[in-house]
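Written out below as structure tokens is the structure these notes cover.
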Amino acid sequence: MQSGASQFSSPVSRASDGLHLPEGASLLKRLGVAVKALRVLEKQPDDPVAAALLNAALDGHIYRRHAERLSTTGFGQTLLAERPTLQKGSVDLQALGQLPEGTVGRAFAEYFVQNKIEPFSTPYVIRNDVDYLIKWYRETHDLHHVLTGYATDAVGEMELQAFALGNMGFRVSVMILCFAALLRPHNLPPMWKYWGRLKSAYRRGKASENLFDVRYDQYLEAKVEALQQALRIPPPAPA
């Protein structure tokens, strides 16, 4: 793994709204930066600066552990060396939309059309493996919706966070779930009303293979079911 990954610093900052994470920041400072970043993302979910800072502030050490684990396997070494991407401009959504129905690429393209959004973009230099995994995870977030079946409404987003918590152990997911429970943004119902769905999502994530353990770009022409099987994602619990 490349040097520098252990510093957990963000590759970007924005002084105008206090989004800056200095080297060696204390936990209190990191929490403050994370809260500011989360408030930006609540209004602008595609803000790349806030997203990078949120992940670096809370989960840099977790991404480092994932990178260290990946660096011990042939698959992981190739992933970290080649650094595949699904960001905006790197995939032809029109071509993917012409793939057979039920394929990963077709579902990926239709997801953006149905939700009237575009793939994420990352307008900064990737300095190390931690930066890359933060970027790769963010780019595959939309595919995680496709694979898990969780909707893109407020509750579906919380279910996906619970899934990620079970699967990856991200502190960001804990903060988002706590933020939603206390402040109920986007007209979320009280937490107790969908607590069972969050527990089910957490258990599904915990039972699945690590979300970094597949090359999503190599499954674009495969059936969605094939990628679900590769990650061993259990079927959702009955409603």
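General remarks:
- Some residue of segment 186-203 being closer than 30 Å to Arg83 by Cα and without any contact (Cβ under 8 Å) to a residue 40 or more places away in the chain: yes
- Residue among Leu227, Leu177 that alone is over 23 Å from Ala51 (Cα atoms) and not polar (S, T, N, Q): Leu227
- For segment 70-93, residues that are exposed (fewer than 14 other Cβ atoms within 10 Å of the Cβ) and over 30 Å from Asn115 (Cβ atoms) total 7.
- Cross-chain or 6+ apart pairs with Cβ under 7 Å, segment 223-239 first and surrounded by fewer than 13 Cβ atoms within 10 Å (Cβ to Cβ), then assigned to a loop (DSSP other than H, G, I, E, B): Arg232/Ser208; Arg232/Glu209
- Being part of a helix (DSSP H, G or I), closer than 23 Å to Asn167 by Cβ and not assigned by TED's automatic domain parsing to the domain that holds Leu198 holds for only one residue in Tyr111, Tyr132, and it is Tyr132.
- Note on segment 114-124: residues that are without any contact (Cβ under 8 Å) to a residue 24 or more places away in the chain and assigned to a loop (DSSP other than H, G, I, E, B) amount to 1.
- Of all residues in segment 89-108 being touching a residue at least 40 places away in the same chain (Cβ under 8 Å) and part of a helix (DSSP H, G or I), the one that is farthest from the chain's Cα centre (by Cα): Leu96
- Any hit, segment 25-40, residues being surrounded by fewer than 20 Cβ atoms within 10 Å (Cβ to Cβ), in contact with a His (Cβ under 8 Å, 6 or more places away or on another chain) and not assigned by TED's automatic domain parsing to the domain that holds Leu211: no
- Checking Gly149 against (1) in contact with a Lys or Arg (Cβ under 7 Å, 6 or more places away or on another chain); (2) closer than 20 Å to Val224 by Cα, the condition it does not meet: (1)
- Residues that are of a type outside the set (Asp, Glu), free of Cβ contacts under 8 Å to residues at least 12 places away in the same chain and assigned to a helix (DSSP H, G or I) do occur in segment 152-166.
- Of the residues making up segment 104-127, those that are among the polar types (S, T, N, Q) and buried (at least 20 other Cβ atoms within 10 Å of the Cβ) number 1.
The values are calculated or read from the model by the stated rules, or taken from the named source; none is laboratory data. Everything quoted here is computed from the prediction, not taken from an experiment. Every residue, glycine as well, gets a Cβ built from its backbone with ideal geometry; the counts of neighbours run over all protein chains shown.
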